[in-house]
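What follows is calculated from the coordinates using simple rules that are stated; it is not laboratory data. Remember, it's a predicted structure, so these values are computed and weren't measured experimentally. Neighbour counts run over all protein chains shown; Cβ positions are idealised from the backbone, glycine included.
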């Protein structure tokens, strides 16, 4: 199976969020299953060409892309994902990608990714490579399915190529004025109310991809159901319900080389589910770093997150004082919206003996919190997949989550299922529900035999990309049959 993976970000080259992690891991897992994978992404000026040993392909210089009435050129750079056979091609156009950021609010944001997608489709014939699957990720690659059925439909190279569109977060849709259709070299005939291109009087890249792709995937089974509802569908629920038979939820995997308590080179002490003694040593080191007093029987709740509306931290505001009456400590790492940062600053000062806050991102501290905490909190308003709850489970750090998206698919509430429960969850987006879930976890923490049991269950879960990659292969096969 030949897979062309089109993405706007990819670890280790450039990252703003979870898409980069998927793009850096799934192609490797597919390659390990025998697929031939090529990744395409823009060459942002954020990417260090020398550090990643990227080379320009001299015979691919000054390729022309038509963006509306403009003619722009690009060069092609080449590299590989580390420790793999996965080839990575970088579309180099300084005018569009030298912005010191991946995504912008600039007036030509539509052009930047119209250019990128056309450049990919122009490059593949030059490489004489005919993909079985074009795996398009999010709105930045959502026009490729329609291009293959319109502007590039006469190119025999793509005659047997199927398309899969992965939706990582339906809240980001690539909506632009209808005039963007001219920049995209697409016809106005399909732009009309409720038509293939139109959404709320805008040209919507993501809707176009949903309408024209052969198969659609998203990043967890529950999220695939949620986005077909008006609450979570962000205006696209009707379109997705129409295509429900072609919509699959495949849980993201985690990088088990980077996130494995047995081999993690960042944490002070490695450990396994068969020997948890070193987890307590990591707890001591975490509290030492935070300037908090270590008490073996006082649980530590960890938070590593963007401090944003999506993550549900407003649920903590009305219950925090009551929470501080409990026997616990809280360690928070993250940054984001000012109101959440200000709230956590306030409580970390008020309860300086029980709460530690680190504003920003620190990878070493993220690993230490995951290994050294007893519990991990994710009260998300919505969560397409989530990675931190999977990291925490595999580190024996019991997750407390809202039952939504990938959180619902990975965290099984202990009180609902004592046979397979590996954490605690709550349904309603209410402060009292969150407080109840935390108190249930604190109560079980006092029962060491049962607590160790659910810790070990989480540590034995298989969240590796190998499992998810097999699911993608199955969906690729379905897409191929539709061509």
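By how many degrees, between 0 and 90 and to the nearest 10, does the Cα long axis of helix 338-350 differ from the longest principal axis of the chain?
Taking the Cα atoms of the chain, the angle to 338-350 is about 20 degrees.
What fraction of the DSSP beta bridges in the chain is antiparallel, stated in percent and rounded to the nearest 5?
Numbers: 19 of 68 bridges.
Restricted to the chain, the bridges split so that about 30 percent are antiparallel.
With each run of n ≥ 4 DSSP H residues scored as -39500 (n - 2.57), what mean residue ellipticity at 222 nm is computed for the chain after dividing by its residue count and rounding to the nearest 500 deg cm²/dmol?
Working: 17 runs with 166 residues, N = 483.
That comes out to -10000 deg cm²/dmol.
How would segment 280-351 be classified by its alpha-carbon gyration tensor: rounded, prolate or oblate, with rounded meaning a/c under 1.5 and the a/b versus b/c comparison settling the rest? Kindly include the intermediate steps, with their values, before the conclusion.
On the way: a/c = 2.12, a/b = 1.56, b/c = 1.36.
Prolate, because a/c is 1.5 or more and a/b exceeds b/c.
Assuming a ≥ b ≥ c are the square roots of the Cα gyration tensor eigenvalues, decide whether segment 421-475 counts as rounded (a/c under 1.5), prolate (otherwise, with a/b larger than b/c) or oblate. Numbers along the way, then the final one.
Working: a/c = 5.68, a/b = 1.62, b/c = 3.52.
Oblate, since a/c reaches 1.5 and b/c is not below a/b.
Between 0 and 90 degrees, rounded to the nearest ten: what's the tilt of helix 431-445 against the longest Cα principal axis of the chain?
Taking Cα atoms only, the helix is inclined about 60 degrees.
Quick check: from the Cα gyration tensor, does segment 360-448 come out rounded (a/c under 1.5), prolate or oblate?
Details: a/c = 1.55, a/b = 1.21, b/c = 1.29.
Oblate.
Please report the antiparallel percentage of DSSP beta bridges with both residues in segment 111-249, rounded to the nearest 5. Please report the intermediate quantities before stating the final value.
Details: 4 of 16 bridges.
Counting DSSP beta bridges with both partners in segment 111-249, the antiparallel share is about 25 percent.
Could you tell me how many degrees, from 0 to 90 and to the nearest 10, lie between the Cα long axis of helix 277-290 and the main elongation axis, the longest principal axis, of the Cα atoms of the chain?
Between helix and principal axis, roughly 80 degrees.
Relative contact order for the chain: what percent, with Cα pairs under 8 Å and sequence separation of 6 or more?
On the way: 935 pairs, mean separation 62.2, N = 483.
RCO, the chain: 13 percent.
By counting other Cβ atoms within 10 Å of each Cβ, how are 6, 56 ranked from fewest to most?
Values: 6 25, 56 15.
Ranked by crowding around the Cβ, least crowded first: 56, 6.
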